[in-house]
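Here's the structure we're looking at; comments come further down.
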Amino acid sequence: MPRTTTGTAITGHGVWHPPTVLSNEDLCVAFNEFVRRENAKHADAIAAGTREALRESSPEFIEKASGIKGRYVQDRTGLTDPERMCPNIPDRREDELSYQAEYAVNAARRALEVAGRTGEDVDLVVLGAANLQRMYPAIAIEVQNALGARGYGFDLSLGCSAATGATQLACQAVRLGQAQCALVVVPELTTGHMNWRDRDSHFIFGDAAVSLVVEPVARAKPGSWEILSTQMLSKWSNTIRNNKGYLDRCDPQTQFNDDKLFHQQGRRVFKDVVPLAEKFIKEHASAHDLQPTQVARYWLHQANGPMNALISKRLLGRDATREEAPIILDEFANTASAGSLIAFSRHNVDLPAGSYGMMASFGAGYSLGSLLLQRQ
Ligand code: COA
């Protein structure tokens, strides 16, 4: 079979996260105090059986069910205040850099440095994120301006596959000659979209940003990762959803309801996504006549440790090692679409030239995205 390639490569990568750590222990102290106060407030109704008592959370459950030990957060003051249970993130003026643009720029500077490029070299910015902090102008254009980049930029929304989707669009633009130096930025400030009062999901997410530089492979330095091919799939599902949107204020009865925050049917997601991701990744490898075991590293979406362990076991026919399928969610929690790219950025430089690697995401939509890479 002729060797397939997009003729593009990932030439730079970089991760940035806010400095503040919130451990499971600290998170649960605040959550459990919130639970006790709520139950005390509604003690009569609970005693009368007209209201269900809230139940406490525990660090042991969180680590066992998800593999998460802690997370980086933009703000912990609001998250550890049982009366608030929401991050305190003061609004910024219109002449200040917006939060997501700041996240993106911080990661982009690191990726550009690895690529040996500057902001002026960039002629496309594709921003992918599960949450976008405003309607317009596109945050990518603000990032383009802040970096002194040329060309054009746009934002992409695709749940937890926004980052792999953005990388694929960057790759296509370079392949078509529309861009020579495309920057992918993924500013996942996720703590704003979570329901910190919900025991089932209060521990899931953390904040971080990641960035990649995509250029023609002919310009790539040794050690870059050639993008051999890309794959996308979507399949409608309501099991991970957030109804927040610009029409919210049009219905005053529902505008602050819990459905305007992240909510999911976690068990169902697990059952649906494991076989879907396994088939998707196997098909991608097999399109290159590769057995899954010939792929040296899987940079999987980082939502849940047991889910990743099961997917990689089904791919390899045995348990994967930490080297074969690195985990970053223990430190970062779920950073929405950034996870697979962070895993890549943190764990790729040790592999020898010629190695294959697969970046794969799976999330709300359902949306799946994968890139088959080969080290130069
Ligand atoms: N603290 C203590 N116990 C808790 C708890 C908490 N915070 N949350 C739930 N539990 C309890 C439940 O009450 C239940 O006990 P019960 O049966 O006695 O009532 C038990 O733990 C199991 O609950 P369940 O919700 O079924 O947990 P789980 O093992 O499925 O883990 C998730 C929950 C969310 C971690 C897991 O389903 C998951 O990660 N799924 C995939 C989600 C995903 O990838 N989403 C993508 C997001 S982009």
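To the nearest 10 degrees, how steep is helix 99-115 against the longest Cα principal axis of the chain, on a 0 to 90 scale? Computed tilt is about 30 degrees. Backbone phi angles across region 274-290, fed through the Karplus curve with coefficients 6.51, -1.76 and 1.60 (θ = phi - 60°), yield HN-Hα couplings of 4, x, 5, 5, 4, 5, 4, 6, 4, 5, 5, 5, 5, 5, 10, 6, 10 Hz in residue order; Gly and Pro are listed as x.
Counting every C-alpha pair in region 224-375, the share spaced more than 27 angstrom apart comes to 26%.
Pairs with C-alpha atoms separated by more than 27 Å, drawn from the list Lys41/Lys260; Lys260/Lys313; Lys64/Lys271; Lys41/Lys69; Lys64/Lys313; Lys69/Lys271, are Lys260/Lys313; Lys41/Lys69. Give me the percent of Cα-Cα pairs in the chain that sit more than 39 Å apart, rounded to a whole number. Cα-Cα pairs in the chain separated by more than 39 Å: 16 percent. When +1 charges are put on Lys and Arg Cβ atoms and -1 charges on Asp and Glu Cβ atoms, the dipole computed for the chain relative to its Cα centre reaches about 900 debye. The residue among Cys28, Thr293, Met194 whose Cα reaches farthest toward the positive pole of the charge dipole of the chain, with charges on the beta-carbon of Lys, Arg, Asp and Glu, is Thr293. Rounded to the nearest Hz, the phi-derived 3J(HN,Hα) couplings of region 158-168 under the Karplus curve 6.51 cos²θ - 1.76 cosθ + 1.60 (θ = phi - 60°) are 7, x, 6, 9, 4, 6, 5, x, 4, 5, 5, where x marks glycine and proline. Considering only Phe280, Gln74, Gln168, the residue lying farthest towards the positive end of the dipole of the chain is Phe280, judged by Cα position with unit charges set on Cβ. For the chain, the 222 nm mean residue ellipticity estimated from helices alone, with every DSSP H stretch of n ≥ 4 adding -39500 (n - 2.57) and the total spread over all residues, rounds to -9500 deg cm²/dmol. Contact order for the chain, expressed relative to its length and based on alpha carbon pairs under 8 Å spaced 6+ residues apart, stands at 23 percent. Per residue, region 224-375 exposes 44 Å² of solvent-accessible protein surface, assessed with a 1.4 angstrom probe and all protein chains in place. Given the options Ala101, Ala47, Ala30, state which has the largest fluctuation in a GNM of the chain using a 10 Å cut-off (strictly under) for Cα springs. In the Gaussian network model the winner is Ala47.
Residues Thr230, Thr190 ordered from highest to lowest accessible area at a 1.4 Å probe: Thr230, Thr190. Each part reduced to its alpha carbon centroid, region 198-276 and region 1-41 end up 12 Å apart. Within the listed set Val174, Val210, Val269, the Gaussian network model of the chain (springs between alpha-carbon atoms below 10 Å) gives the highest mean-square fluctuation for Val269.
Centre-to-centre separation between the Cα atoms of region 132-179 and those of region 278-342: 25 Å. Here the Karplus relation 6.51 cos²θ - 1.76 cosθ + 1.60, evaluated at θ = phi - 60°, turns the backbone of region 22-32 into coupling constants of 10, 7, 4, 4, 5, 4, 6, 4, 5, 4, 5 Hz, with x for every Gly and Pro. Contact order for region 224-375, expressed relative to its length and based on alpha carbon pairs under 8 Å spaced 6+ residues apart, stands at 35 percent. Evaluate the Debye formula for region 1-160 with equal point scatterers sitting on the alpha carbons, no solvent, and hand back log10 of I(q)/I(0) at q = 0.09, 0.20 Å⁻¹, in q order, two decimals. Listed by q, the Debye log ratios stand at -0.49, -1.27.
The values are calculated or read from the model by the stated rules, or taken from the named source; none is laboratory data. The model shown is predicted, which means the values in this text are computed figures rather than measured ones. Backbone-built Cβ (ideal geometry, glycine too); neighbour counts: all protein chains shown. These area figures cover heavy atoms from the full protein model, side chains too; ligands, DNA and RNA do not enter into them. Shrake-Rupley method; radii C 1.70, N 1.55, O 1.52, S 1.80 Å.
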